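Below is one structure, written out as structure tokens; the observations come after it.
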Amino acid sequence: MQQSLLFLVALCAGAFFPSLASTQECAWECEVDGLCTPTEDDGCIATTAEHCENAECCSLEGRCSFRQQACYLLSSRDCARSNDCLKYGYCTLSNGECICASSDDCARSSFCLQDGRCHFQDEECIVGSDEDCARSRACLEEGACHLVDGRCAPGNDEDCRKTRACLEFGFCSFADGACTALSDADCQRSRACQDNGSCTRAGAFCMVASDQDCARAQGCLRDGRCTYDGGICKVGPNDCQQLCSAEGRCVVEFGAMSCVAGSDDDCKNASICKQRGACTVFDGVCVPRDEDACAASLDCAHKGACALVRAEGTPNAKAELICAPTSDKHCIRSELCRKHDLCCVVFSEDGPICSDCSPSGSDPTR
């Protein structure tokens, strides 16, 4: 009797719960072909439109329509859902397959977006006009804004000056069918000049060639890399003087790529100590480490930044501590309170600041 009961339980379990092997097999079939529902004979079928629309067969092959327990390619709408429509313009159903059949199909494709091949002719997508080129990424990136001999190409200096290549690398002049650097002026327009001193034309490229190039770059102002040395800008023997007086960064770092603070004395003699209370060296920079230094700083008198607090979530998080107001009395004694009625401490994304005393206090000086 007990054995018969166990047999019936096992039989019912098999009837109501598919086998584990069948479930695992359908998980793969579901992802690839939309066949998500196990059958009694260990097969897998599609049972909803969503099964087909969410499967790889829809995006890869256009088999997005649910019919007779499977997924099929049945219409141009199915083709339009496929990756091949977006890539190649194969958006129209013809004789059971997706093809490119019109300029509308071409306009959907990456050929149009990237290269300006937006016009349908002789069963392929081609460049049909200057307008096709002007809308393309190739125009923005390479200056290829005009139809030339069946393709998009630069046609003048104006095309080149619109490009990222001009902005980034100085390729701002048209020559021999392409955008290139033809003068130092081209190079000096570029971010490469501003960032690392590549301000002089050498051949078709912009290079660092002199101390003058380095002096133009942000690296000179930011890190003291103002001296030309072997094709790059480095910190020269006298390049840390300005950073030393302002930020206490008086020492040439190993490798000559930056000026750093070498001692507490460097910090205490710098403007940053008097202004911000940053009078202690930490990891090559001057930072606040002393409550008295915060209280004696100009930022305490001007902005109420009189106490030493943690800088979590602020731009100074590397330093761990900053000078900031921690009570209304710090703000009340500050210039911000006297001149702008910013007399209450509030907590902003940049840390504690003095603001107005309304519930939604704001800082109009920011």
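Just the residues that are within 20 Å of residue 218 (Cβ to Cβ) and either more than 31 Å from the chain's Cα centre (by Cα) or part of a helix (DSSP H, G or I) (or both), please, taken from the range 231-247.
Scanning the range 231-247 gives 236, 238, 239, 240, 241, 242, 243, 244, 245, 246, 247.
All but one of (1) touching a Ser or Thr at 6+ places or on another chain (Cβ under 6 Å); (2) within 28 Å of residue 142 (Cα to Cα); (3) surrounded by fewer than 19 Cβ atoms within 10 Å (Cβ to Cβ); (4) not charged (D, E, K, R) hold for residue 206, so report the exception by its number.
(3) is the only condition that residue 206 fails.
Is there a residue in the range 93-116 that is in a loop (DSSP other than H, G, I, E, B), over 29 Å from residue 60 (Cα atoms) and touching a helix residue (DSSP H, G or I) at 6+ places or on another chain (Cβ under 8 Å)?
Looking for residues that are in a loop (DSSP other than H, G, I, E, B), over 29 Å from residue 60 (Cα atoms) and touching a helix residue (DSSP H, G or I) at 6+ places or on another chain (Cβ under 8 Å), one finds none in the range 93-116, hence no.
Can you tell me which of (1) over 30 Å from residue 337 (Cβ atoms); (2) more than 35 Å from the chain's Cα centre (by Cα); (3) crowded, with 18+ Cβ neighbours inside 10 Å; (4) not hydroxyl-bearing (Ser, Thr, Tyr) is the one residue 216 doesn't meet?
With respect to (1) over 30 Å from residue 337 (Cβ atoms); (2) more than 35 Å from the chain's Cα centre (by Cα); (3) crowded, with 18+ Cβ neighbours inside 10 Å; (4) not hydroxyl-bearing (Ser, Thr, Tyr), residue 216 is out only on (2).
I need a count of the residues in the range 106-130 that are within 29 Å of the chain's Cα centre (by Cα) and over 24 Å from residue 83 (Cβ atoms).
Final tally of qualifying residues: 0.
Restricting attention to the range 62-76, which residues are surrounded by fewer than 21 Cβ atoms within 10 Å (Cβ to Cβ) and either part of a loop (DSSP other than H, G, I, E, B) or in contact with a Ser or Thr (Cβ under 8 Å, 6 or more places away or on another chain) (or both)?
65, 66, 68, 69, 72, 73, 74, 75, 76
Yes/no matrix, rows are residues, columns are (1) touching a residue at least 24 places away in the same chain (Cβ under 8 Å); (2) small (Gly, Ala, Ser):
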{"position": "45", "(1), (2)": "yes, no"}
{"position": "66", "(1), (2)": "yes, no"}
{"position": "80", "(1), (2)": "yes, yes"}
{"position": "85", "(1), (2)": "yes, no"}
{"position": "102", "(1), (2)": "no, yes"}
{"position": "106", "(1), (2)": "no, no"}
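For residues in the range 266-291 being among the charged types (D, E, K, R) and in contact with a strand residue (DSSP E or B) (Cβ under 9 Å, 6 or more places away or on another chain), which is surrounded by the fewest Cβ atoms within 10 Å (Cβ to Cβ)?
The selected residue is 283.
Spot the failing condition for residue 184; the list is (1) under 29 Å from the mean Cα position of the chain (by Cα); (2) surrounded by fewer than 18 Cβ atoms within 10 Å (Cβ to Cβ); (3) modelled with pLDDT of 95 or more, and only one is missed.
(1)
Inside the range 135-160, can you point out the residues that are free of Cβ contacts under 8 Å to residues at least 12 places away in the same chain and within 29 Å of the chain's Cα centre (by Cα)?
Answer for the range 135-160, where residues must be free of Cβ contacts under 8 Å to residues at least 12 places away in the same chain and within 29 Å of the chain's Cα centre (by Cα): just 158.
Of all the residues that make up the range 225-256, how many are surrounded by fewer than 18 Cβ atoms within 10 Å (Cβ to Cβ) and either closer than 30 Å to residue 293 by Cα or among the polar types (S, T, N, Q) (or both)?
Final tally of qualifying residues: 7.
Output the residues belonging to the range 195-215 that are charged (D, E, K, R) and at pLDDT 95 or above.
Answer for the range 195-215, where residues must be charged (D, E, K, R) and at pLDDT 95 or above: 201, 211, 213.
The values are calculated or read from the model by the stated rules, or taken from the named source; none is laboratory data. Worth saying up front: this structure is predicted, and the values here are computed from it rather than measured. Using ideal geometry, Cβ is built from the backbone for each residue, glycine included, and neighbour counts are taken over all protein chains shown.
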